[in-house]
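Here the structure comes first, spelled out in structure tokens, and everything after it is commentary.
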């Protein structure tokens with residue numbers, strides 16, 4: 001049996017990637033749909049003490065504890081305002097052969113777009129409102145640019161862990177050998 005499919009149609013389809021788009025701090029951002037595991041409506045989160053401001057808390061997802069990162073706070077330093085359109089995008093991040101599900105709190109989920117690889121350009125080297133290493137590329141859709149996030153950088157498990165450790169260390173009282181420590185400080189030593 002011979003293959004009657006048009007080879008140019010197959011190659012054209014292979015160069016199109018689907019992205020989930022969402023709004024965060026007024027910016028239209030996107031992640032590859034293959035990285036997205038689930039979309040959740042806003043739900044109760046438990047704040048975890050001594051974590052960086054951008055770690056909004058944790059949620060219970062079918063018995064599993066899932067950390068939720070406030071994407072706005074992570075990218076711009078401004079905490080996301082919760083509205084009825086706020087959503088949590090669950091993504092899977094793999095680093096050093098360790099896979100973890102993390103939630104991204106976003107202002108609003110928009111749509112799924114297909115972007116042809118011919119319409120994807122390298123990230124700008126300057127002028128972006130967010131760290132340039134967080135930008136994988138820029139997608140041009142109908143003359144509008146959409147920031148395609150490098151989800152492995154934005155949600156780097158290693159970086160998030162080190163920032164959490166720093167936050168924990170900075171919350172500990174400083175011990176100076178030239179002073180007599182308080183009872184509380186002695187207990188912590």
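Look through 104, 45 and report the one residue that is farther than 21 Å from residue 150 by Cα and buried (at least 19 other Cβ atoms within 10 Å of the Cβ).
45 is the lone residue from the list that is farther than 21 Å from residue 150 by Cα and buried (at least 19 other Cβ atoms within 10 Å of the Cβ).
Has region 114-130 got any residue that is in contact (Cβ under 8 Å) with a residue 60 or more places away in the chain, in contact with a helix residue (DSSP H, G or I) (Cβ under 7 Å, 6 or more places away or on another chain) and outside any loop (DSSP other than H, G, I, E, B)?
For region 114-130, residues in contact (Cβ under 8 Å) with a residue 60 or more places away in the chain, in contact with a helix residue (DSSP H, G or I) (Cβ under 7 Å, 6 or more places away or on another chain) and outside any loop (DSSP other than H, G, I, E, B): absent.
When the residues of region 1-42 are filtered to those that are at pLDDT 85 or above and loosely packed, with under 11 Cβ neighbours inside 10 Å, which remaining residue is farthest from residue 130 (Cα to Cα)?
Step by step, filter region 1-42, then rank; the result is 41.
Of the numbered conditions (1) loosely packed, with under 15 Cβ neighbours inside 10 Å; (2) in contact with a strand residue (DSSP E or B) (Cβ under 7 Å, 6 or more places away or on another chain); (3) at pLDDT below 95, residue 112 fails exactly one; give the number of that condition.
Unmet for residue 112, out of (1) loosely packed, with under 15 Cβ neighbours inside 10 Å; (2) in contact with a strand residue (DSSP E or B) (Cβ under 7 Å, 6 or more places away or on another chain); (3) at pLDDT below 95: (3).
Take the residues in region 61-75 that are surrounded by fewer than 15 Cβ atoms within 10 Å (Cβ to Cβ) and in a strand (DSSP E or B); name whichever of them is farthest from the chain's Cα centre (by Cα).
64
Considering only region 42-54, I want to know if a residue exists there that is within 26 Å of residue 123 (Cα to Cα), touching a helix residue (DSSP H, G or I) at 6+ places or on another chain (Cβ under 8 Å) and in contact (Cβ under 8 Å) with a residue 60 or more places away in the chain.
no
Is there a residue in region 144-151 that is surrounded by fewer than 16 Cβ atoms within 10 Å (Cβ to Cβ) and at pLDDT 90 or above?
Within region 144-151, one or more residues are surrounded by fewer than 16 Cβ atoms within 10 Å (Cβ to Cβ) and at pLDDT 90 or above.
So, of the residues in region 36-48 that are under 22 Å from residue 20 (Cα atoms) and outside any strand (DSSP E or B), which turns out to be nearest to the chain's Cα centre (by Cα)?
42
Examine region 49-60 for a residue that is surrounded by 12 or more Cβ atoms within 10 Å (Cβ to Cβ), under 18 Å from the mean Cα position of the chain (by Cα), within 24 Å of residue 139 (Cα to Cα) and at pLDDT 90 or above, and state whether such a residue exists.
Checking region 49-60: not a single residue is surrounded by 12 or more Cβ atoms within 10 Å (Cβ to Cβ), under 18 Å from the mean Cα position of the chain (by Cα), within 24 Å of residue 139 (Cα to Cα) and at pLDDT 90 or above.
Test residue 127 against the criterion of being modelled with pLDDT of 85 or more, out of contact with any strand residue (DSSP E or B) (no Cβ under 9 Å at 6 or more places or on another chain) and surrounded by fewer than 17 Cβ atoms within 10 Å (Cβ to Cβ), and give yes or no.
Here the answer is no, as residue 127 does not meet what is asked.
The values are calculated or read from the model by the stated rules, or taken from the named source; none is laboratory data. Not measured: the values here are computed from a predicted model. Glycine also receives a Cβ, built like all others from the backbone with ideal geometry; neighbour counts cover every protein chain displayed.
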